[in-house]
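For reference, the structure is listed below as structure tokens.
The values are calculated or read from the model by the stated rules, or taken from the named source; none is laboratory data. Values in this document were obtained by computation on a predicted structure and should not be read as measured data. No Cβ is skipped: glycine too gets one built from the backbone with ideal geometry, and neighbour counts run over all protein chains shown.
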Amino acid sequence: MKNDINETMSKYTAGEKTLEETNAALREAGVTEFHLEHLTEEELAAKREREDAEGFIPATEEAEVLPKTPDMRRRKELAGQVVRQKTKTGVYDVTYDEDGYAVKAKRVQMA
């Protein structure tokens with residue numbers, strides 16, 4: 001059935017089937033969720049104008065890129081501390097010794 005629908009839509013977009021033939025083929029394939037409608041030039045112009053007015057809406061902030069595992073490198077500035085790190089696999093509390101070496105990473109929350 002999925003292939004029938006894909007084939008029907010491909011033929012329509014290639015200009016091999018009319019709108020009416022495509023809708024009939026979709027009904028025969030048992031599609032009841034949607035059908036194709038013809039837009040008049042005025043409707044098409046209004047739709048384009050609406051889309052242009054809305055424009056591109058950028059995301060408010062950058063997507064956060066998370067590492068797969070906790071950062072276990074030596075970090076002298078974190079000596080003697082426990083630091084929470086968020087990763088793709090979860091949230092970890094990383095313990096640093098007095099020299100800044102990461103000695104333990106304990107997962108405290110699953111991703």
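Values as computed for the structure displayed
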read-out: Criterion: without any contact (Cβ under 8 Å) to a residue 60 or more places away in the chain and over 22 Å from Arg107 (Cα atoms) - qualifying residue of Met9, Met72; value: Met9
read-out: Pair list, Cβ < 8 Å and 6+ apart or interchain, from the range 35-61 residues that are at pLDDT 85 or above to residues that are not aliphatic (A, V, I, L, M); value: His35/Asn23; His35/Arg27; Leu36/Tyr12; Leu36/Thr22; Leu36/Asn23; Leu39/Lys47
read-out: Failed item in (1) assigned to a helix (DSSP H, G or I); (2) at pLDDT 90 or above; (3) loosely packed, with under 11 Cβ neighbours inside 10 Å, with Glu21 passing the rest; value: (3)
